[in-house]
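> My structure is below; once you've seen it, I'll send some questions.
The values are calculated or read from the model by the stated rules, or taken from the named source; none is laboratory data. Computed from a predicted model, the values in this text were never measured in an experiment. Using ideal geometry, Cβ is built from the backbone for each residue, glycine included, and neighbour counts are taken over all protein chains shown. Only protein heavy atoms, including side chains, enter the accessible area calculation; ligands, DNA and RNA are left aside. Shrake-Rupley method; radii C 1.70, N 1.55, O 1.52, S 1.80 Å.
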Amino acid sequence: MSVALKVGLTPASRCQYISTENEQLAVVLSPDIHHPAGYQQLINAGFRRSGNMMYRPHCPHCNACQSLRIDVGAYQPSKSQKRHRSQLKRLRVKVSDQLDPNWFSLYDQYITARHANGNMYPAKAEDFIAFTHSDWLQPCFIHLYEPNNGEETLVAIAVTDVLSDGLSALYSFFDPFHRFSLGRVCIQAQLEYASAEKKSWLYLGYQIDDCPAMRYKADYFPHQRFINHQWRPFSLPISTA
């Protein structure tokens with residue numbers, strides 16, 4: 001089903017992922033598509049959301065950003081991903097539409113350790129709420145707790161949108177000093193939740209091959225990438241089987 005969209009363009013600015021490029025976003029302005037079903041149509045066309053805003057890269061001279069989604073039913077974990085699954089089994093998973101009361105101390109620790117040079121520092125609760133919540137879609141929060149001497153410690157939260165055909169990984173934060181690879185463990189938790197909910201896809205956002213920090217998404221097979229206005233499949237390479 002085709003949808004007529006009113007779209008605006010942000011001013012071009014220096015790309016935060018590829019320093020030699022400028023970035024520009026196409027932002028959906030049509031108010032009548034800002035609802036879960038509308039977002040489902042748009043995420044199928046390579047869009048993402050931040051707060052209430054739906055957007056897609058529309059850069060003047062670059063198409064490095066490729067929306068990527070993992071095929072949940074066919075997913076084949078690599079050796080390292082099996083280790084992340086094993087780590088997940090040692091944690092308690094709780095899915096809720098509300099954040100744990102201790103979420104901000106964990107978020108503050110994560111931002112201070114990992115993003116002190118970025119625009120998210122210092123951590124502010126109102127900024128976090130602004131880009132994770134929206135007026136038309138309630139995210140869920142996948143909490144990971146570690147047992148500790150009869151008690152448990154919150155070690156990670158994966159903020160996740162639930163759509164009709166899949167889950168969309170919006171943002172994750174975690175104990176930056178933990179011995180587990182908690183960012184990767186969050187992906188395993190989302191994959192398990194998607195499987196339990198009989199969802200077909202886990203949308204991971206934009207894969208950028210030229211940005212080392214963003215390459216991890218391409219490690220999950222099989223997956224699809226949105227290239228030239230269509231989803232193209234990428235199968236498991238023999239070298240990582």
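> Counting only heavy atoms of the protein chains, get the accessible area per residue of the chain (1.4 Å probe) and round it to a whole Å² value.
Result: 53 Å² of accessible area for each residue.
> As an exercise, take the mean of 1/r over every pair of distinct alpha carbons in the stretch 153-241, invert it, and state the Kirkwood radius in angstroms. Before the final figure, lay out the partial values.
Values: mean 1/r = 0.0697 Å⁻¹.
About 14.3 Å, per the Kirkwood formula over Cα pairs.
> Where the centroid of each part is defined by its Cα atoms, how far is the stretch 33-71 from the stretch 193-210 in Å?
Each part reduced to its Cα centre gives a spacing of 13 Å.
> Further, regarding this structure: Looking at the stretch 52-141, which trypsin sites (Lys or Arg not before Pro) are DSSP coil and have at most 11 other C-beta atoms within 10 Å of their C-beta? Kindly include the intermediate steps, with their values, before the conclusion.
Values: sites: Arg69, Lys79, Lys82, Arg83, Arg85, Lys89, Arg90, Arg92, Lys94, Arg114, Lys124; in loops: Arg90, Lys124.
Sparse-neighbourhood loop trypsin sites (Lys or Arg not before Pro): Arg90.
> Now a separate question. Kirkwood hydrodynamic radius (Cα pairs, Å) of the stretch 1-125?
Across the stretch 1-125, the inverse of the average 1/r is 18.3 Å.
> Treating the Cα atoms of the stretch 119-159 as identical point scatterers in vacuum, please give the log10 of the normalised Debye intensity I(q)/I(0) at q = 0.29 Å⁻¹, two decimals.
Computed log10 I(q)/I(0) values: -0.99.
> Please get the size of the charge dipole for the stretch 150-217, origin at its Cα centre, with Cβ charges of +1 on Lys and Arg and -1 on Asp and Glu, quoted in debye to the nearest 20.
Magnitude of the dipole: close to 180 debye.
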